[in-house]
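Below: one structure, written as C-alpha cells.
Read the figures in this text as sums done on the coordinates, not as results from a lab. Since the model is a prediction, treat every value here as computed from it, not as a measurement. Here Cβ is always computed from backbone atoms with ideal geometry, including for glycine, and neighbour counts include all displayed protein chains.
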Amino acid sequence: MTHTPPLHPDSLLLHADDALHEGSSVTPMIPWSATFSAEDAQAFARMASEPMHERYYTRYGNPLHRRIARIVADLEGAETGLVAASGMGAISTVALGLLKQGDRVVAQRNHYMGTTKLLSELLARFGVSAEFVDQTDTDAFARALARPAAMVMLESPTNPDCSLTDLAAVAALAHAAGATVVVDNTFATPLNQRPLALGADLVVHSATKYLGGHHDLTAGVVVGDAATIERLWSTQIVLGATLSPMDAWLLLRGMRTLSVRVRRINESALAVAQALAAHPSVASVSYPGLASHPQHALARRQMSGFGGVMGLRLRAGYDDTARFVAGLRLPQHAVSLGGVESLIVHAAAMWAGTLDDAGMRLAGIEPELVRLSVGLEHPDDLIADLTRGLDTLRPA
Ligand SMILES: *Cc1c(COP(=O)(O)O)cnc(C)c1O
C-alpha cells in the first residue's frame, strides 16, 4: 500500500476537492441549473431519496456546494460540511436544526449581532432560553454550565475588540453539561484557529468574509460530523438559505488563495497594529497579536495567526473620529471584513442621529471607536495613510 502524506492547508485549498472534479477543464464548470435530469426511473428514485444528493434540485445541493464543503471540512479537520447562502443562513440552520422547545443555550454577551438576535429574540419565541456570559471569563461559563445545556455558542475573536474565548476550557465545561459546542470561526479562519481540535463539535463560518475574500458575495459554511451535518441539511432544505451556483463558483475561486491572503493579512495587520499603537492620537489598539492585548497569552495558545481585524480607540470625539474615517484614502468606509480591500467602520456612526457624545458613552457606545479590517494593500501604504489621518486629529 502506498502512503500518501497529508497535504498542507495551502494544498488542501487547491486539491481537497479533486475527487469531485468532472471533465477535463482545469476549473469547475458552473452547474447553472435549478434542477438536474435523471437517466432513468431508478436514478430518479435515488436522486429523490438520497440525503445531500448534489444533482437533484439546487436547494438540496449542487456539485460546487459539495466541493466547498469538502475543502472547509478538510481545513477544519471535520468529516463533512454544508454550504449556505450566508453566514446567518448557516448559523440559523444550526440553531433551528438542533434545538427544540425547552432547550437552554449558553452563549456570549458579545456575538455577531445576527447571532445575538437569533438567540435572544427569534429562538425565545419558540421556547428556547439563552444565557449570555462574558466570553473572557471562563468561570462565568462554569457557573452557567453547572446546569445542563443543549448548546454552547462561541465566537472568538469577536467584534470589535477582538475579545477571546478560551475554546478548549469552555468546550470541556460544555461537554460536561451535555451541550453541543458550536464555534463561529469567521474572524480567525481555519488557517489561524481550528476549534474542532480544541474540542468543538461544529464550526460555522461567514464565508462572506475571509473564505470568499473579495467582498463580492455572501455565503456560509458549517462543518462537523456526518450524522449532524445530514440533520442540518434536512433543516436547511426547508429553511431554503441556498447559495446560488454562481456565488458558489466565486466562493470556490476566492478560497483557492485563502492561505496567501491570510498569511499576508496576518503580517500586515500586526505591522499596522504596532504602528497605530505608537501614535499619540491613538488611545489603544485591540489586536490579539499585540503583547498589550489582555488575552495575548491565550491568543498565542489557541491561534496560529491573529487575522486582520482590530479595534482602535482614538484620542478624539465623535466628529473628529468621523472626519478621520472619511478622510482616509485607502480603507473604504464600509461594513464587513476579511476581503482584499481594507475596510473601516466608525461604530458610533449608526447612532449619530440620536445620541450626542455623552449619550453614547452612557449607552456604552464609544464615539472614538473604529474597527479596521486590514486587506492586501501594502502595509507601508496603509500605515502612511492612517498616520496622515491621525496626524490631523486635535487632542480631544
Ligand atoms: C458577518 C458575520 C456573520 C454573518 O455572516 P453573513 O454572511 O453576513 O450572514 C456571522 N458571524 C460573524 C463573526 C461575522 O463576521
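When all alpha-carbon pairs of the chain are counted, what percent fall beyond 34 Å?
Tail of P(r) above 34 Å: 32 percent of Cα pairs.
Could you give me the ³J(HN,Hα) list for the range 261-278, computed from phi with Karplus coefficients 6.51, -1.76, 1.60 and θ = phi - 60°, whole Hz, x at Gly and Pro?
5, 5, 4, 5, 5, 3, 5, 5, 5, 5, 4, 5, 4, 5, 5, 5, 4, 8
Got the relative contact order for the chain handy, in percent, Cα pairs under 8 Å and 6 or more residues apart?
16
Can you give me the Cα centroid spacing of the range 233-279 and the range 153-204 in angstrom?
The range 233-279 and the range 153-204 have Cα centres spaced 17 Å from each other.
Starting from the coordinates of the alpha-carbon atoms of the range 279-396, obtain the Kirkwood hydrodynamic radius over all distinct pairs and give the value in Å to one decimal.
Value: 14.9 Å, from the Cα pair sum.
From zero up to wherever the largest Cα-Cα distance of the range 1-78 sits, split into 5 Å bins and tell me the percent of pairs in each.
3, 14, 19, 20, 18, 13, 8, 5, 1
With N denoting the number of residues in the range 38-79, provide Rg(C-alpha) divided by 2.2 N^0.38 Å, to two decimal places.
Scaled against compact globular proteins, the figure is 1.37.
Note down the net charge around N110, summing +1 for each Lys or Arg and -1 for each Asp or Glu among other residues with Cβ under 9 Å from its Cβ.
-2
Mean separation of Cα pairs under 8 Å and 6+ residues apart, divided by the residue count of the range 72-195: what relative contact order is that in percent?
After rounding, I find 24 percent.
What is the sum of charges, Lys and Arg at +1 and Asp and Glu at -1, for the other residues whose Cβ falls under 14 Å from the Cβ of L330?
Taking every Cβ under 14 Å from that of L330, the sum is -3.
If you place +1 on the Cβ of every Lys and Arg and -1 on the Cβ of every Asp and Glu, how big does the dipole about the Cα centre of the range 201-299 come out, in debye to the nearest 20?
I would put it at about 300 debye.
Please give the length that would be gained between H214 and Q101 if that part of the chain were fully extended, namely 0.36 nm times their separation in residues minus their C-alpha to C-alpha distance (nm, one decimal).
36.8 nm
Taking springs between alpha-carbon atoms closer than 10 angstrom, which of L362, L196, L164 fluctuates most in the Gaussian network model of the chain?
In this elastic network of the chain, the residue with the biggest mean-square fluctuation among L362, L196, L164 is L362.
Rounded to the nearest 20 debye, what is the charge dipole size of the chain about its Cα centre when +1 sits on each Lys and Arg Cβ and -1 on each Asp and Glu Cβ?
240
Ignoring solvent entirely, what values of log10 I(q)/I(0) come out of the Debye formula for the range 270-342 at 0.18 Å⁻¹ when each Cα is a single scatterer?
These q points yield log10 I(q)/I(0) values of -0.82.
Which one of G327, G305, G23 has the biggest mean-square fluctuation once the chain is modelled by GNM with Cα springs under 10 Å?
G23
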